[in-house]
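This report concerns only the one structure given below.
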Amino acid sequence: DDPQAKTPASAILTLAILAAMELGGKHNKALALAKDLRLFTYVPSPSRFNRRLHALYPFFLPLRKIAPSGLTHLLAQAWKNLHQAQAYALDTFPLPACENIRAPRSRLFLDKAYRGFIPSKRVYFHGPKLHLLVDDGKFIHEVSLTPGSLHDLSSLLLLPLDLPEGAELYLDRGYESHFYEDLLREAGGIVPMVIRRRNSRRYVPWLQYLAIVGR
């Protein structure tokens, strides 16, 4: 540590781990909690905290020799081992890059494939889609980005879905597909809990209640 530093590196790492494990990765909340509880003699400002945290990155570089695919893969595997759950949820979120009227002049996403539609709101958007797999502890396991025009079911093909056998996967109506549901059961041992439409041939009232409450 720099002798002029008011906060040691161990405190910076502790705050970062606290934010990742208990506060959804929000550093501001971790700093506010540490200040309220007086966990450390000095709690830095958010900007100072970010600079200190980024300055500690070179100390993690030796870990790349341990993980062939890099530090990110090593940390992801460690977090997965710490967060073994039996209930997961997969959902898709639109990430509009601009207003619809500005879509033809967008410089970020020029392709028309990024022109998507949100059925629940009955509106169009221009940008990518975020596919997110989380567990019941609000820990993010897998992430994927696709153009906005792709169907939600595409995430079932793009994500590895590395889940333990017998895990329940909660899905909304956009993921309803008898073929993919049977494939998840047979190939991965995953139990899909889909919120179905009432006219679906696999609609069972009590299963729908469990799917809605669990999700």
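The values are calculated or read from the model by the stated rules, or taken from the named source; none is laboratory data. These figures come from a predicted structure and were not determined experimentally. Cβ sites come from the backbone with ideal geometry, for glycine too, and all protein chains shown count toward neighbours.
Below is a table of values for the structure above.
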| item | result |
| --- | --- |
| Number of the condition not met by GLY116 [criteria: (1) under 30 Å from MET21 (Cβ atoms); (2) at pLDDT 85 or above; (3) in contact with a strand residue (DSSP E or B) (Cβ under 6 Å, 6 or more places away or on another chain)] | (1) |
| Residue match in segment 119-139 (condition: in contact (Cβ under 8 Å) with a residue 40 or more places away in the chain, part of a strand (DSSP E or B) and in contact with a Ser or Thr (Cβ under 6 Å, 6 or more places away or on another chain)) | yes |
| Selection from segment 172-215 of residues that are among the charged types (D, E, K, R) and within 22 Å of ASP162 (Cβ to Cβ) | ASP172, GLU181, ASP182, ARG185, GLU186, ARG215 |
